[in-house]
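See below for the structure under consideration.
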Amino acid sequence: MNNSEQFDALEERIIDYLEGSMDKASREALEAEVSKGGEAAQMMREYQEVWTGVNIWGEDEIRRQIKLIHDKNLTFNSGRNALKIAPYSWLKYAAVLTALMLASYLIYWLNKPDKADLAGLFQKYYSPQVELTEDLMVKYRSAMLLPGDHPSDSVLLGMEKYRLGDYKSSLEILINVQDTGIVGSLARFYRGLDHMGLGNYNEAWNLLSPLCQQSDLEFCHTACWIAILASLQLHIPSNLVIPKLNQLIEAEGLYRIPANELLNALQ
């Protein structure tokens, strides 16, 4: 066997090994060869990195991309020469595809704000809404919009539990309140705040984001701001977050300056 044939044979053995299609004796022989270092060890490391990429993006997606290459039968022309992609093993194509995908992934994150910076901004701006809660409790109790004398269905009691930092108990009370009217919106708002306090950022985002559109609510901007902070923990696409930041900036209220800082960080 010449060097090229030996290289191809080793490559196929490593692919069989990673795909789990190699018998025990062949697997042990390859492991012994790899343990000695040299070309076998280097190639194994390279294909293990490819396999990691396969696990990140999923075998089905990579196979789909490979099928597109096969279907189009791509030919790359350079003057009189042409390079045609040969029908190799799918994992050989995966080596190229995952390298490109990993490169794109790295470029994406290098051009995003550093995750540590976003975490720092979250720590800088997130705090429980205790003062707002006290103000809302006074307002809605006096307006007789909250059934404070009935603990089983009292939004007021849920708000009080939140104010005291007992987010779990607050959530257990508020989860039974129907999402209708001002009381329902208030309960939804505090369920979102409870989830923030418990570190359930996805639930907080899902509950609070819709309240951004209810401009008649006096806690609309706070709901929007807390939803934005939740998004920092979830790496939600910026195209879903930036409109909310612009909304707060245009409102010229309490959150204008911090929203502008976050907007600059995300762009």
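No lab work stands behind these numbers, since they all come straight from the coordinates. Because the structure is a prediction, the values reported are computed rather than measured. FYI the Cβ positions are ideal-geometry reconstructions off the backbone, even for glycines, and counts take in every protein chain you see.
Figures for the structure shown
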| quantity | calculated |
| --- | --- |
| Gln178 versus Glu250: modelled label distance in nm, points set 7 Å from Cα along the beta carbon direction | 3.4 |
| Over the range 210-267, equivalent-ellipsoid semi-axes from the Cα gyration tensor in Å | 17, 13, 9 |
| Charge tally in the Cβ shell below 12 Å around Asn260, where Lys, Arg are +1 and Asp, Glu are -1, Asn260 excluded | -2 |
| Taking Cys212, Cys224 and counting other C-beta atoms within 10 Å, the order from fewest to most | Cys212, Cys224 |
| Cβ-derived FRET efficiency at R0 22 Å, Asn2 paired with Asp23, nearest 0.05 | 0.25 |
| Projected label distance in nm at Ile242 and Glu31, using a 7 Å step from Cα toward the beta-carbon | 5.1 |
| Calculated over the range 137-267: convex hull of Cα atoms, volume per residue (Å³) | 105 |
